[in-house]
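J.: One structure coming up, written as structure tokens, with questions to follow.
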Amino acid sequence: MKKIIIFIFMLSNILLFAENYFINGKTVSLDMVEFDKKSYIVYNDLEKFGLRALKYSDRVSVSKPGLLVIFFLREKKITVNETSFSLNNSYKLIGGKTYLSFDFLSDLLGYKKVGNAFKTNSSYKSEMDSKAIPKKVISLSPAVTEKLFAIGAGDMLVGRTVYCHYPKKALAIDSIGTMFDPKLEIILSKKPDLVIAETHFNPKTLKILNKFGIESIVLDSLKNLDEIYKSILNLGKHVGKPYESKALVYSLRQKVTEIEDLAERQKTKPRVYFVLGSGKTEHTAGKGTFISEMIRMAGGKNIADDVIGWAYSPEKLVSNNPEIIFGTKKYVDMVVKKYPTLDAVKKGNYFYVDENSFVLPGPRALSKGIETMFNIFHTKLKVSKR
């Protein structure tokens, strides 16, 4: 009886429809379902979009020239051209049929739905037409290195900075020095096709590289989550991984939305303080930083939203009296010792985290980082507490 009730409940949340649509002007009939306001399409109807879809016992492959997507039917993951991504609700099994996430596929393939018509986005072609794909790349930023590995371009790297520690595979790549003062002789000896910088770079370095005919690009400093998403797409275009970068952005958006939904259900929004440094002046993430945006999305109230930038005064810290403090052990311990009257200190609500999961504007921050914030703010689980 319980199973019947659950099945009826599921059906009440599923809207099945098979009707005519227009794909780039051509009339077709599509078997689609809507579940929790998300669209799914029966896998073999993807052939009407010019795709080849094959179903196996544990997976469905969807392909066209230059693209192979595999939906795993027993795991919360997909692969795009052999690069893995975490993706919840990527498929549904309904009435003996296998439906795949059409929201994901239309985003990946650049289709925009207007009424019953599907058209390729006007900007899609330019997004997917990358320049000549580089074979050898040097990264002058830990965030760039992380993103390159996340979109399956880590094997292109022939050089990275001493600060590029993640993922562990990056440590096997030769170091070219620091971001601001890289060793030009090492860079030139690698004969890279492309050098990518993001922040804390030396403009003189890029001018010298350009004189030697080495292409170099500088990605903008990132202030919010939308800019992080755009930087991933831009990076994918430069290294010939446009599909992979789109899949990564979709996966990250899904994760952030899940955390936001959980945060909205919480009754309270604790006052929190993220410790980036401590000394004569305290350092944290103020208003207008992507870290502050993450704090808000995870259901916290950033006490440092009353300043712009990264510096914070001891007076403000005491006055705003956070309920929760988190950051690296070294600096959290300094704040705990200096400000024993803070509520967070008196109640023991201070937590140690891996700073790199928060300060680098990349995939880790929007997956592990934001999830850790939520756990600290609302469950106080899965984190180290003194």
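J.: How many of the residues in region 235-252 are out of contact with any Asp or Glu (no Cβ under 9 Å at 6 or more places or on another chain) and open to solvent by 50 Å² or more (accessible area, probe 1.4 Å)?
T.: Total satisfying the criteria: 0.
J.: Which ones in region 36-56 are in contact (Cβ under 8 Å) with a residue 12 or more places away in the chain, exposed (fewer than 15 other Cβ atoms within 10 Å of the Cβ) and not in a strand (DSSP E or B)?
T.: ASP36, GLY50
J.: Go through the residues of region 328-339 one by one and say whether even a single one is touching a residue at least 12 places away in the same chain (Cβ under 8 Å), in a loop (DSSP other than H, G, I, E, B), surrounded by 14 or more Cβ atoms within 10 Å (Cβ to Cβ) and under 30 Å from the mean Cα position of the chain (by Cα). First the steps, then the outcome.
T.: Of region 328-339, the ones touching a residue at least 12 places away in the same chain (Cβ under 8 Å) are 328-329, 331-332, 334-336, 338-339.
Applying the additional criterion that residues be in a loop (DSSP other than H, G, I, E, B) yields 328, 339.
Those still in the list that are surrounded by 14 or more Cβ atoms within 10 Å (Cβ to Cβ) too: 328, 339.
Those still in the list that are under 30 Å from the mean Cα position of the chain (by Cα) too: 328.
Yes, region 328-339 contains at least one residue that is touching a residue at least 12 places away in the same chain (Cβ under 8 Å), in a loop (DSSP other than H, G, I, E, B), surrounded by 14 or more Cβ atoms within 10 Å (Cβ to Cβ) and under 30 Å from the mean Cα position of the chain (by Cα).
J.: Check GLU293, GLU355 and return the single one that is surrounded by 17 or more Cβ atoms within 10 Å (Cβ to Cβ) and modelled with pLDDT of 95 or more. Walk me through how you get there before you give the answer.
T.: Values: GLU355 fails: modelled with pLDDT of 95 or more.
Going through GLU293, GLU355 in turn, the sole match is GLU293.
J.: Which condition from (1) outside any loop (DSSP other than H, G, I, E, B); (2) under 24 Å from the mean Cα position of the chain (by Cα); (3) surrounded by fewer than 20 Cβ atoms within 10 Å (Cβ to Cβ); (4) of a type in the set (D, E, K, R) is the one that GLU315 breaks?
T.: Answer for GLU315: the failing condition is (2).
J.: I've got another one for you. Could you grab me the full set of residues in region 135-184 that are acidic (Asp, Glu), more than 23 Å from the chain's Cα centre (by Cα) and at pLDDT 95 or above?
T.: Let us first name the residues in region 135-184 that are acidic (Asp, Glu), namely 146, 155, 174, 181.
Pick out the ones that are also more than 23 Å from the chain's Cα centre (by Cα) and you get 174, 181.
Scanning region 135-184 gives a single hit, ASP174.
J.: List every residue pair whose Cβ atoms lie under 8 Å apart, where the two residues are 6 or more positions apart in sequence or sit on different chains, the first residue falls within region 92-121 and is of a type in the set (Val, Ile, Thr), and the second residue, located anywhere, is assigned to a loop (DSSP other than H, G, I, E, B).
T.: Partner pairs satisfying both residue conditions: THR98/LEU73; THR120/ASN24; THR120/GLY110.
J.: Go through (1) under 22 Å from the mean Cα position of the chain (by Cα); (2) of a type in the set (Lys, Arg); (3) open to solvent by 60 Å² or more (accessible area, probe 1.4 Å) and name the single condition LYS346 misses.
T.: Among (1) under 22 Å from the mean Cα position of the chain (by Cα); (2) of a type in the set (Lys, Arg); (3) open to solvent by 60 Å² or more (accessible area, probe 1.4 Å), the lone unmet condition for LYS346 is (1).
J.: Hey, does region 85-95 have a residue that's open to solvent by less than 10 Å² (accessible area, probe 1.4 Å) and hydroxyl-bearing (Ser, Thr, Tyr)?
T.: Within region 85-95, one or more residues are open to solvent by less than 10 Å² (accessible area, probe 1.4 Å) and hydroxyl-bearing (Ser, Thr, Tyr).
J.: From the list LEU262, LEU317, pick out the single residue that is among the hydrophobic types (A, V, I, L, M, F, W, C), out of contact with any Ser or Thr (no Cβ under 7 Å at 6 or more places or on another chain), touching a residue at least 12 places away in the same chain (Cβ under 8 Å) and farther than 30 Å from ASP103 by Cα.
T.: Values: LEU262 fails: farther than 30 Å from ASP103 by Cα.
Checking each option against the conditions leaves just LEU317.
J.: If you don't mind, there's one more thing I want to ask. Got a number for residues in region 57-71 being part of a strand (DSSP E or B) and among the charged types (D, E, K, R)?
T.: Step one: of region 57-71, the residues part of a strand (DSSP E or B) are 59-64, 67-71.
Then drop every residue that is not among the charged types (D, E, K, R), which leaves 59, 64.
Residues flagged as part of a strand (DSSP E or B) and among the charged types (D, E, K, R) within region 57-71 amount to 2.
J.: Continuing with this model, one more query. Would you confirm, using the coordinates I've provided, whether SER367 is without any contact (Cβ under 8 Å) to a residue 40 or more places away in the chain and within 27 Å of LEU233 (Cβ to Cβ)? Give the derivation first.
T.: Details: without any contact (Cβ under 8 Å) to a residue 40 or more places away in the chain: no; within 27 Å of LEU233 (Cβ to Cβ): yes.
So SER367 does not fit the description; no.
The values are calculated or read from the model by the stated rules, or taken from the named source; none is laboratory data. Quick caveat, the model's predicted, so the values are computed rather than measured. FYI the Cβ positions are ideal-geometry reconstructions off the backbone, even for glycines, and counts take in every protein chain you see. What goes into the accessible areas is simple: the full protein's heavy atoms, side chains included, and nothing from ligands, DNA or RNA. Shrake-Rupley method; radii C 1.70, N 1.55, O 1.52, S 1.80 Å.
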